[in-house]
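The values are calculated or read from the model by the stated rules, or taken from the named source; none is laboratory data. Note that the structure is predicted; figures quoted are calculated from it, not measured. A quick note on method: Cβ atoms are made from the backbone with ideal geometry, for glycine too, and the neighbour counts reach across all protein chains shown. Side chains are part of the model used for accessible areas, which takes the heavy atoms of the whole protein and leaves out ligands, DNA and RNA. Shrake-Rupley method; radii C 1.70, N 1.55, O 1.52, S 1.80 Å.
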Amino acid sequence: MASYPLSKTYDFHEVEPRLYEWWETSGYFTPKIDQDTRPYVISMPPPNVTGELHLGHAMFISLEDMMIRHSRMTGRPTLWLPGTDHAGIATQLQVEKYILRTDEVTREELGREAFIERTWAWKEKYGGEITQQLRRLGASCDWSRERFTLDEGLSRAVREAFVTLYEKGLIYRGSYLINWSPGLKTAVSDLEVEYQEELGTLYYFKYPIEGSEEIIPVATTRPETILGDTAVAVHPEDERYKPFIGSTCRVPILDRPIPIIADEYVDREFGTGALKITPGHDPADYVIGKKHQLPIINVLNPDATMNEAAGPYAGMDRFECRKQLWADMKAAGLTLREEPYAMQIPRSQRGGEIIEPMISTQWFVRMETLAEPALQAVKDGRIQIIPERFTKVYFNWLENIRDWCISRQLWWGHRIPAWHCTACGEITVAREDPVQCVHCGSNSIEQDPDVLDTWFSSGLWPFSTLGWPEETPDLEYFYPTTMMETGYDIIFFWVARMIMMSLEFTGMIPFEVVYLHGLVRVDKGTKMSKSLGNVVDPLQFVEEYGADALRFTLLTGSTPGQDTRIDPERIEANRNFANKLWNIGRMILGTLDAIPAEVNSKPEPTLPDRWIRLRMNEVIGDVERLFTGHQYGEAGRQIYEFVWTEFADWYLEIAKLQLAEGGARAWVTAEILVKTFEACLRILHPFMPFVTEELWGHLRGACNHHPARFKPSESEWGDALIIAHWPQPDPYVKPDTQVFEIFTNMQQIVTAIRNIRAEKSVDPRRMIAAHIGVGEHVMEYKALSPSLCSLAGIDPTRLVIESVLEDLPVDAIPLVVRGVVIYLPMAGMLDLEAELKRLMAELGEARGQIDRLNALLESPFSQRAPESVVEKERERLQSFQATVAKLEAQLKSIQDP
Ligand SMILES: [Zn+2]
C-alpha cells in the first residue's frame, strides 16, 4: 500500500469545481505587470448577457483558455479579459417576454424608463449565469477586470467614439432605404439579413398606356409594391418598347400616372423586359430612382401594414394586400399570368420574418474612410488572419463596404447622444448631456429616441475594456492585444469593425492575430441555433463526462475555419483518457514506496529509458512548433498518442520490469517515470487543466514526501501546475537514430508476435518459443530480452537472439519485420481441440444466420419492405457467406496441416 495513495477512480465532479475556486482565489488569473516583458492578451468575445452556454461558447472558451494557459506557463504576463454584451435586440425581446409572462404588461404599457429599469433588474438577476457557466469550463480569465458593454466606462467610450465620428463628419443622419424588420419594428443592418432561396410566384400584369389602347407588360414577385411604383423602366435599345419611352402609364387601381423611362440597367431577358420602379421598397429601384430623380413613395407602416399611400388597401397586412390587389386587378382585366418562381427571400436573422426594404431616417457611419486603413493593416501583415483564406473574404467585404446603419428603434442599449431642437430643428451632439440647443440656445430639446447597434459598442471592445478614452496603465501596458479568437461567422459584424474602430481611435491595431474557429454543428452539418431546436447543452456533457473531456474533444476535433461536429462518443473516449491519466498516476505513485531513499551509484539508463527521454523531448519540441503555427488540435492529438501509446502502453510496461529489479535500477526508473509524467502533465495542462492539476499536486506531494525527493526536469516543484514552466526541449538530449531504430524494431516484433498469437488463438498465459535473427546490434537486442519476453509472451529459456539464425526451427511460423527475421515454433503450442471447438461453434452460428436470412428474403418481406432495407439484409447474407468460407478454410488447415 503506497503511503501517498490516489483514490481508485478519478472523480471530476469533486475535483473540477474545487480546483477552479482554488485557482481563482489564489489570484492565478490576474497577471503581474512587468514593464520589461510584452504581455500576451486576449479580449474575450463577450457572450450575450442573456445568454445560456452553448457549444459555440464552449468552443471559444476551450481554445482561448488553452492559449492563455500556455502563454501563462511560458512566463509572459498573460491577461484574458472577460465581459458580457448587453445584446440590444436579444435582451429586449427576452425581457419583453418575461414581463408579459410574469406581470402581463407589454413594453409599451410599462413605458421606456420603467422598462429599462426592469431590464437592469433582470440583468442583475440572470446576467451572472453565463459567467458562472464559463467558470465551469475552466476559463482562467481575470474576473477582477470583467466588463459589461453598458457599464459606466464603456458607455463613456461609446459616447466619445460617437461624438468624435460625428464631429469628423463620419456619422450622419439621413433618409435612406434600409432593411426594416416589421416584427422587431427596427432597422437592421445588412449583416443581420439572411437570404434564403424560397419558392414564390412571379406575377405578370399590364400597365395601361395613357392615350392609347396599348399596354406595357410587367412582372413582379411583390404585387403590393405596385402601389408605390413611380416609373416603368425599359432598356433604351429594346425594340419592343422603344416607342413607349417618354410616354405615361397608369398604376393599376390607383390610376396614378407614372412615366416610362429608359435605363441601361434594365435586363431585356428578365421577365417581360420592362421593369416597374419602386424606389421606396427595393434597393436597385432606389438607385434608379435617385438617378432619374423619381419621387419616393412609402406604402408601408412600421408593422408592415399598408399606409394611406396604398389608397383603398390602407390598414391591410402586406400579404393580405398582395392577394386582394391581385384579385382586384384580375377583375379589372389588368393581369396576364402567374408562374412559380424561385427567389432569394430576405429574412431577419433574429426574428425570421421577411425583411422589407424601406425608406427611413436613420443614423449611418461613413465606412469608406474607415475601411482603407483596416485593409492596409492586413495587407502589410501587421494583422495576420488564420486561416489565411479568410483574408480574401475580409478584403472583398472592405473593398465593397456600404455605410453602416447604426440606429436601432429599441430601448435597451446606448442611447444616441443627439438632441433635436424643437425650435430650430437642428441637432446637438455632445459628450455631456446638453441643456440647450447649441444652434439657437433654446431649452426645448429632446434626445433622439434611438439606441446604437450593439456592434457599435463591441467594436470598441479591445481598447474600451482597458480604460479608453482615459489613458490608463492597463491601456498603456496591455494594448494592443495579442490574439483575437472568434468564430468566422462574425468576421464582418465584429472583427472588421474592431480593426476599423481601433485604427481610428487609438491609431494602433487592436490585435496581432485573428484566429477564426469553425462553427460547432450537430447532425448533418446544420448550424446550431435556438430556432432550429438543435442546441446541445454543453453543461450536460460537462455533467456527464467532465469539463476536461469536453474541452479536449473540441480542441482536438477542430481545425481553424473548419466546422466541427460534436460526437458524444468522442467525449466519452476523452473522459476515458482522463481516467487513463489517473491510472498512470496511481501506478507511478504506487511504486514510489519500494524505491530506496538514495543510491550509491546510478546505473546507465537502459535503451527504453533513453528512448522515452528522446521521444518526450521530441514531443515537447513538436508541440511547441505546432503551437507557434496555431495547429493546436494537432498538438493535442500528438500528446494524446504519446501519453497513451508510447508512455503508457510501452514504456510503463517495460518500467514495471525495471522497477521489479529493485535497487539502483528501480531508483533510476522511478526518476524517469516521475520526470516524464510530470512533463506530460505540463504540456497537457492547457487542454485538460483539471485532471492534470490534480495529478500534478499528488505527484508533487508524493515526491516531496519520499526521501529521494524526485524533481521535475529542469526545475523545482512550484505552487501549482497552472503557473509551472512550459517545458522546453532539453538541449543535452541529442537525437539518437540507433536507439529509435532498435526500440521501434522491438515494438514491431512484439506486435507481430502478438498478432500471430491472437490469430492462432494461443492461450495468453502460454509462453512460446522464438528465434530471432536481428542482424546488427545483437547485444542491444539481448539486453531487451526481458521486455520482449514479457510483452510478447515468450519463454525466456526458449528465446534465441542471434545476428543470423544458424539452426532454423522446424514447424515454425516465419515472420519478417523491418529486416528482422523471426521464427515461432508453434507445433504443439496450439490447443487444437479448443481451436476446433471454437471454429465449429462460429461456423454453426454463421450457418444459422444464413438460413434465417435466406428464409427472410424468400418471404413476402422482400416485396413489402423498402428497397434499402431489403438491400441491407442481402448485404448481411453475403457477409455471413464470406465468413463461412473463411472458417471452413481455417478448419481445413487445422485438421490436415
Ligand atoms: Zn435650436
- Query: What pairs come up if the first residue lies in the stretch 382-400 and is free of Cβ contacts under 8 Å to residues at least 40 places away in the same chain, the second is exposed (fewer than 14 other Cβ atoms within 10 Å of the Cβ) and among the charged types (D, E, K, R), and their beta carbons are under 8 Å apart, counting only those six or more places apart or on different chains?
  - Reply: 395/379
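From 74, 84, grab the single residue that is open to solvent by less than 10 Å² (accessible area, probe 1.4 Å) and either in contact (Cβ under 8 Å) with a residue 12 or more places away in the chain or under 25 Å from residue 690 (Cα atoms) (or both). Lay out the reasoning, then the answer.
Numbers: 74 fails: open to solvent by less than 10 Å² (accessible area, probe 1.4 Å).
So the residue among 74, 84 that is open to solvent by less than 10 Å² (accessible area, probe 1.4 Å) and either in contact (Cβ under 8 Å) with a residue 12 or more places away in the chain or under 25 Å from residue 690 (Cα atoms) (or both) is 84.
This table checks each residue for (1) within 30 Å of residue 750 (Cα to Cα); (2) part of a loop (DSSP other than H, G, I, E, B); (3) modelled with pLDDT under 90.
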| residue | (1), (2), (3) |
| --- | --- |
| 797 | yes, no, no |
| 807 | yes, yes, yes |
| 829 | yes, yes, yes |
| 838 | yes, no, yes |
| 857 | no, no, yes |
| 886 | yes, no, yes |
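Here is a yes/no grid of residues against (1) touching a Gly at 6+ places or on another chain (Cβ under 8 Å); (2) assigned to a strand (DSSP E or B); (3) closer than 25 Å to residue 755 by Cα:
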{"position": "769", "(1), (2), (3)": "no, yes, yes"}
{"position": "786", "(1), (2), (3)": "no, no, yes"}
{"position": "804", "(1), (2), (3)": "yes, no, yes"}
{"position": "815", "(1), (2), (3)": "no, yes, yes"}
{"position": "821", "(1), (2), (3)": "yes, yes, yes"}
{"position": "853", "(1), (2), (3)": "no, no, no"}
{"position": "868", "(1), (2), (3)": "no, no, no"}
{"position": "880", "(1), (2), (3)": "no, no, yes"}
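Look through the stretch 724-751, keep the residues that are closer than 19 Å to residue 675 by Cβ and among the hydrophobic types (A, V, I, L, M, F, W, C), and return whichever of them is nearest to the chain's Cα centre (by Cα).
Filtering the stretch 724-751 for residues that are closer than 19 Å to residue 675 by Cβ and among the hydrophobic types (A, V, I, L, M, F, W, C), the one nearest to the chain's Cα centre (by Cα) comes out as 726.
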- Item | Residues satisfying the stated conditions in the stretch 138-189, i.e. small (Gly, Ala, Ser), in a helix (DSSP H, G or I) and over 27 Å from the mean Cα position of the chain (by Cα) | 153, 155, 157, 161
- Message: Checking the conditions here, which among 723, 768, 756, 749 is surrounded by fewer than 16 Cβ atoms within 10 Å (Cβ to Cβ) and among the aliphatic types (A, V, I, L, M)?
- Response: 723
- For the stretch 267-284, the count of residues that are open to solvent by 10 Å² or more (accessible area, probe 1.4 Å) and touching an Asp or Glu at 6+ places or on another chain (Cβ under 9 Å) equals 3
- Task: Go through the residues of the stretch 574-590 one by one and say whether even a single one is crowded, with 21+ Cβ neighbours inside 10 Å and closer than 30 Å to residue 514 by Cα.
- Result: yes
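Which one of these is touching a Ser or Thr at 6+ places or on another chain (Cβ under 8 Å) and buried (at least 17 other Cβ atoms within 10 Å of the Cβ): 822, 801, 794?
On the way: 822 fails: touching a Ser or Thr at 6+ places or on another chain (Cβ under 8 Å); 794 fails: touching a Ser or Thr at 6+ places or on another chain (Cβ under 8 Å).
Step by step, each of 822, 801, 794 is checked, and only 801 is touching a Ser or Thr at 6+ places or on another chain (Cβ under 8 Å) and buried (at least 17 other Cβ atoms within 10 Å of the Cβ).
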- Item | Filter result (closer than 20 Å to residue 80 by Cα and among the aliphatic types (A, V, I, L, M)) within the stretch 442-489 | 460, 466, 475, 483, 484
- Item | Unique residue being crowded, with 22+ Cβ neighbours inside 10 Å and of a type in the set (Asp, Glu) when the list is 36, 11, 65, 103 | 65
- Item | Selected residue [assigned to a helix (DSSP H, G or I), modelled with pLDDT of 95 or more and within 22 Å of the chain's Cα centre (by Cα)] from 499, 490 | 499
- Note on the structure: When (1) touching a strand residue (DSSP E or B) at 6+ places or on another chain (Cβ under 6 Å); (2) closer than 26 Å to residue 788 by Cβ are applied to residue 675, the one that fails is (1)
